[in-house]
């Protein structure tokens, strides 16, 4: 599975350079940060529609989702990575490797630090990782500003600037930008600042394209998001979703199409399977109806969603099962 932006492939898809301003800028930006720092929500806000899974649970992003921001003068290709963290499992190590591969390819990095949480060892760990990237531009994005008052925000902005000086030297972060993805505060400013750090280049993707993720990956992410709502803390790490098939229902007329979408949800233990299914199957039905709305919006047609929950014992620590489940 290719998991980092391939610039050569993207440029092959690009439109001709003629007709674009001479100072048009285009490039790749990776949003990084501790798990649950607001990276996916910010990606969706910048793109203007849902391309990345969001959840109140940490560690929910498993794939690098590319969202594409189109401007008359620029194009930003946003790469949303799993949260960088000290890994405890083989899956955790693979997610960290995915981040490292991605960061090696991008033109700039947006480092997300929540306004409502003090800077901690996890933030310093990430900042030090970023400092080793040969002075690639790093912009600090202070997220979730809607959750704090002005005094607390001012204090956090000073703390973030201090972290930049501590780790990167006198120059610190290239920019520090407060933002609220849910409140719509400074979304355009974040885009402006990131574009400033992109190289002069024609567009990398055709206009109107918002993500280059395969539909099956997007469908799996929507099912995972629905399944993670309101469940116990241990489940996000233990849940994998695989789309078996997306096929048109036979015998339907052209003006009344229906897609059959068959999806398997894998957990590590029978007790987790019971959590996902719920009493009398009630929870799984709720997951299905929640996910169906998002999938129908994504695919632009009505679907029949067939969900099955299976146990794949300790899959996070088993190299063969990790490969089978797409990691």
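We did not get these values from a lab; they are worked out from the coordinates using the rules stated. The structure presented is a predicted model; accordingly, all values stated were derived computationally and were not measured. Don't worry about glycine lacking a Cβ; one is built from the backbone with ideal geometry, like all the others, and counts go over all protein chains shown.
With 10 angstrom as the radius, rank 293, 144 by how many other C-beta atoms surround their C-beta, starting from the fewest. Kindly include the intermediate steps, with their values, before the conclusion.
Numbers: 293 12, 144 25.
Least to most surrounded, the residues fall as 293, 144.
Most exposed first by the Cβ proxy, i.e. fewest other Cβ within 10 Å, how do 79, 243 rank? Each step should come with its number before you reach the end.
Numbers: 79 25, 243 20.
If I rank by nearby Cβ atoms, fewest first, I get 243, 79.
Among 20, 315, what is the fewest-to-most ranking by other Cβ atoms within 10 Å? Each step should come with its number before you reach the end.
Values: 20 18, 315 22.
Ranking 20, 315 by Cβ neighbours within 10 Å, fewest first, gives 20, 315.
Cα-based Rg (one decimal) and Dmax (whole number) for region 215-324, in Å?
14.6, 47
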